[in-house]
């Protein structure tokens, strides 16, 4: 792996939930450690409630972490990230309809980002830069796009604009929280190509958060599979896809819809895909209640990650290296 | 198999300041008893509008401007609201796209189910409670949840509760408008499995709209591909998947990444759908089509049939039989 841009160590974020009789602690993210290298796309894969968005939000400084440390570009990021950190690590949100101010022209929002994060540019240079930004994400002609209002853009175009806005501050890492899940299937691929293009041409790293294993495979260099706030498996994308080791990764693989495959006799017959609840969790593997391979040991203590290769690691008692 | 639902030359317009937008233009198909027909297409292709027209639920600015919807020999378009009420829920029911919004957040699940029974039957309270518990059990929800409110259920459970509600009076046809789009892959697969099992058990027909054709690939009998308000291809699901004839179907098929085979670059379908207010002459897909010919820009292709497959494309030349 190339030079590390982001290092996350032992990151936890808990939330207090419930009222006065049923107070509990929700372990949204529990002791998560990973790294993102320069010019690398890392996919965080997991279902609702796996804590993947919580990680992105903690990284973006929207929530302070309960425990753990974040090192970004060699410096520790504290409870309150500075404007410099937010500019170098911007976020693209899931909902293209809720994340752009509807009453301002596209150009205004974009130039506002440039004004905040690139104060060395004068007005004319900002305009030129804004045009270059929207054209870089495939919105052409740039000058015309800048004059439009968000409602004049389709969902796919808005999401491209989200990436243009993230690029405005010359980031080294973009946090992309399910950027394509609200778009049509036929439009998703264009946006995934934009992400790959940013990595290849701008050298930007991306943390791609998704529940869709197939799209993660399409764009990501490495993959981290989360379940109930913990990392259960990580490795190079092709490594994980060609030999998934954790039973949860296998479940995700078998349920990914693919018309090219015959309908497998998969676990979805019995597994309803209920997201895990991690309020005041007890000891043991959190996947154990859903796991076909669960043993007594799994309910007693939490498995630690074991390395299967220099790059692939799995946290499961049923897997022996 | 006799035909349960027969749609002929259905046309729906939306009133816009620029003139009528032809959201659905001239759609015809038959649905047999117990058959599962999937309708796929991008946002704005008119697929949901068509479902609403079939269920006679269109409201201003949309209105049906032509065609017939015949359900068991009765033309629904000629019925008065009072007469339609006799058919709704008993004969056909609708599962709406977003269960989060379609359920009333201030009423318990049980109360909402009972509400349907009271509106459409003369059952007594005991029978209503029994039936509500029965349908919840059918979709693998513990009848204890009759007392739960929507916010206490997970996304997958809410969507299953919607399906339970649609099945209350054992309709012959269930119309589903993207019921899986807000769900994770595991829950999505599980929901599709459940619909399939219930269909085998109860024998109802399904009309299923989605933008993600990989979701229905293993479950639908027939597939109709819609583009800009028209059906461009229809045939048995397997045949359309294995050998798509229309360039647009081909594009949709190629738009989602796979977990199988070597990684490859996908391009999706470039461009946007045409304006429905002033549709171009000729084929509506011509501007985005990779195999466009001169004739495509001037002559609107007819829907031609061969071996149960219909295709609307100048490239399709059925062997005259």
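GNM remark for chain A: springs join alpha carbons under 10 Å apart, and the peak mean-square fluctuation among A:123, A:228, A:143 falls on A:123.
Within chain A, antiparallel bridges make up roughly 65 percent of the DSSP beta bridges whose residues both belong there. Among beta bridges from DSSP that stay inside chain B, the antiparallel ones total about 65%. In terms of its C-alpha gyration tensor, the protein assembly as shown has an oblate overall shape, because the principal axis ratio a/c (a ≥ b ≥ c, square roots of the eigenvalues) is not below 1.5 and a/b does not outweigh b/c.
Highest GNM mean-square fluctuation, chain A, Cα pairs closer than 10 Å: which of A:297, A:94, A:159? Highest fluctuation among the options: A:297. Neighbour counting of Cβ atoms within 10 Å sorts the residues B:33, A:83, B:160, fewest neighbours leading, into A:83, B:33, B:160. Other protein chain C-beta atoms within 10 Å of residue C-beta, averaged over B:189-199: 4.
Placing pseudo-labels 7 Å out from each Cα toward the beta carbon at residue B:317 and residue B:148 gives an inter-label distance of 5.9 nm.
Put a dot 7 Å past the Cα of residue B:78, heading toward its Cβ, do the same for residue A:9, and the two dots end up 7.9 nm apart. Using C-alpha pairs below 8 Å separated by at least 6 residues, the relative contact order for chain B is 20 percent. Among B:283, A:291, a tally of other beta-carbon atoms within 10 Å of each Cβ gives an order, fewest to most, of A:291, B:283.
Summary value for region B:101-170: 44 percent relative contact order, contacts being C-alpha pairs under 8 angstrom separated by 6+ residues.
Of all the options B:52, B:256, B:92, the one that moves most in a Gaussian network model of chain B with Cα springs shorter than 10 angstrom is B:256.
Take each residue in B:177-187, count the other chain C-beta atoms within 10 Å of its C-beta, and the mean is 6.
Measuring nothing but how far apart in sequence close Cα pairs (under 8 Å, 6+ apart) lie, relative to its length, chain A scores a relative contact order of 21 percent. Mean per-residue shielding of peptide B:149-160 is 2, counting Cβ atoms of other chains within 10 Å of each Cβ. Once the Cα atoms are used to define both axes, helix B:185-202 deviates from the longest principal axis of chain B by about 70 degrees.
Over region A:103-170, the fraction of Cα-Cα pairs per 10 Å bin, rounded to whole percents and listed from the shortest bin up, is 24, 60, 15, 0. With both residues required to sit in the protein assembly as shown, DSSP beta bridges show an antiparallel share near 65%. Per residue, the convex hull spanned by the Cα atoms of region A:101-141 amounts to 76 cubic angstrom. The ranking of A:40, A:178 by Cβ neighbour count inside 10 Å, starting from the fewest, reads A:178, A:40.
Quick note: the coordinates plus some simple rules give every number you see, no bench work behind them. Remember, predicted model here, so these are calculated numbers, not experimental data. Cβ: placed from backbone, ideal geometry, glycine included. Neighbour counts: every protein chain shown.
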